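Visitor: What follows is a structure written as structure tokens; I'll ask about it next.
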């Protein structure tokens, strides 16, 4: 048994997956400043972390990737541009193994790729389900914080069902859409 990893690396292709750019557009439209952001799936481009470090808004990004190549590109990025490493950190690992005691609170959580990577390989070593992951990150979200989903994901049906259940239980409130993003807020 080995860790469930992503053997490829996702380069930026806005025609196929614009969610990171739409997220950055949402941040700009809301004038979000000083937010602590958890970002599921950094991509080999590290667009969210790079732009957040450069845009002067003071947002902090903790990303996670299960791609060794994406993590290596992050390491090289902060070696070449150490100033980015102050506000942008990337964990390598299976997101379904996150330990809540190791995580801080967040103002925004992106679950753009919820449902895309969970398989029997994760289950073999006791990793969480997509629903359990969403619950864990919701617990780490501050009251009034934002939980965002990507409606263009090939597994959006999984994510939408989880979001719908959380909304039905009053754990999340619907907060509209922005481009391809479904916006939810944690009750205050």
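Visitor: Name the residues in the stretch 97-109 that are in contact with a helix residue (DSSP H, G or I) (Cβ under 6 Å, 6 or more places away or on another chain) and either assigned to a strand (DSSP E or B) or surrounded by 22 or more Cβ atoms within 10 Å (Cβ to Cβ) (or both), would you?
Guide: 109
Visitor: Could you list, ordered by first residue, the pairs with Cβ atoms under 9 Å in which the first is in the stretch 1-19 and farther than 17 Å from residue 70 by Cα and the second is at pLDDT below 85 and surrounded by 10 or more Cβ atoms within 10 Å (Cβ to Cβ), at least 6 apart or interchain?
Guide: Listed pairs, sorted by first residue: none to list.
Visitor: Go through the stretch 9-29 and give me each residue that's in a loop (DSSP other than H, G, I, E, B), surrounded by fewer than 18 Cβ atoms within 10 Å (Cβ to Cβ) and either out of contact with any helix residue (DSSP H, G or I) (no Cβ under 7 Å at 6 or more places or on another chain) or modelled with pLDDT of 95 or more (or both).
Guide: Those that are in a loop (DSSP other than H, G, I, E, B), surrounded by fewer than 18 Cβ atoms within 10 Å (Cβ to Cβ) and either out of contact with any helix residue (DSSP H, G or I) (no Cβ under 7 Å at 6 or more places or on another chain) or modelled with pLDDT of 95 or more (or both): 11, 13, 15, 16, 18.
Visitor: While we're looking at this one, here's another question. All but one of (1) under 15 Å from the mean Cα position of the chain (by Cα); (2) free of Cβ contacts under 8 Å to residues at least 60 places away in the same chain; (3) closer than 21 Å to residue 61 by Cβ hold for residue 94; which doesn't?
Guide: (2)
Visitor: Further, regarding this structure: Among the listed residues 148, 166, identify the single one that is in contact (Cβ under 8 Å) with a residue 24 or more places away in the chain and under 15 Å from the mean Cα position of the chain (by Cα). Don't jump to the end; show me each part of the working.
Guide: Details: 166 fails: under 15 Å from the mean Cα position of the chain (by Cα).
Being in contact (Cβ under 8 Å) with a residue 24 or more places away in the chain and under 15 Å from the mean Cα position of the chain (by Cα) holds for just one of 148, 166, which is 148.
Visitor: Mind telling me which of the residues 92, 112 ends up being more than 24 Å from residue 185 (Cα to Cα), at pLDDT 95 or above and touching a helix residue (DSSP H, G or I) at 6+ places or on another chain (Cβ under 8 Å)?
Guide: 92
Visitor: Working only within the stretch 30-51, note down all residues that are in contact (Cβ under 8 Å) with a residue 12 or more places away in the chain, in a helix (DSSP H, G or I) and surrounded by fewer than 24 Cβ atoms within 10 Å (Cβ to Cβ). Give the steps one after another, and end with the answer.
Guide: First pass over the stretch 30-51, keeping only residues in contact (Cβ under 8 Å) with a residue 12 or more places away in the chain: 31-51.
Filter once more, so that each one left must be in a helix (DSSP H, G or I): 47-51.
Across the stretch 30-51, the qualifying residues are 47, 50, 51.
Visitor: Considering every residue within the stretch 151-171, establish whether at least one is touching a helix residue (DSSP H, G or I) at 6+ places or on another chain (Cβ under 9 Å) and either modelled with pLDDT under 95 or part of a strand (DSSP E or B) (or both). Spell out the reasoning first.
Guide: So in the stretch 151-171, the residues touching a helix residue (DSSP H, G or I) at 6+ places or on another chain (Cβ under 9 Å) come out as 151-153, 155, 158-159, 161-163, 165-166, 171.
Okay, now just the ones that are also either modelled with pLDDT under 95 or part of a strand (DSSP E or B) (or both), so none.
Checking the stretch 151-171: not a single residue is touching a helix residue (DSSP H, G or I) at 6+ places or on another chain (Cβ under 9 Å) and either modelled with pLDDT under 95 or part of a strand (DSSP E or B) (or both).
Visitor: Looking at (1) assigned to a strand (DSSP E or B); (2) surrounded by 15 or more Cβ atoms within 10 Å (Cβ to Cβ), which is the only condition residue 115 fails?
Guide: In the conditions (1) assigned to a strand (DSSP E or B); (2) surrounded by 15 or more Cβ atoms within 10 Å (Cβ to Cβ), residue 115 misses (1) alone.
Visitor: Please find, among 133, 137, the residue that is part of a helix (DSSP H, G or I) and touching a residue at least 60 places away in the same chain (Cβ under 8 Å).
Guide: 137
Visitor: Another question, then. So which residues in the stretch 53-96 are surrounded by 19 or more Cβ atoms within 10 Å (Cβ to Cβ) and in a loop (DSSP other than H, G, I, E, B)?
Guide: Hits for the stretch 53-96 are 59, 66, 67, 94.
The values are calculated or read from the model by the stated rules, or taken from the named source; none is laboratory data. Bear in mind the structure is a predicted one, so any value in this text is a computation, not a measurement. Cβ: placed from backbone, ideal geometry, glycine included. Neighbour counts: every protein chain shown.
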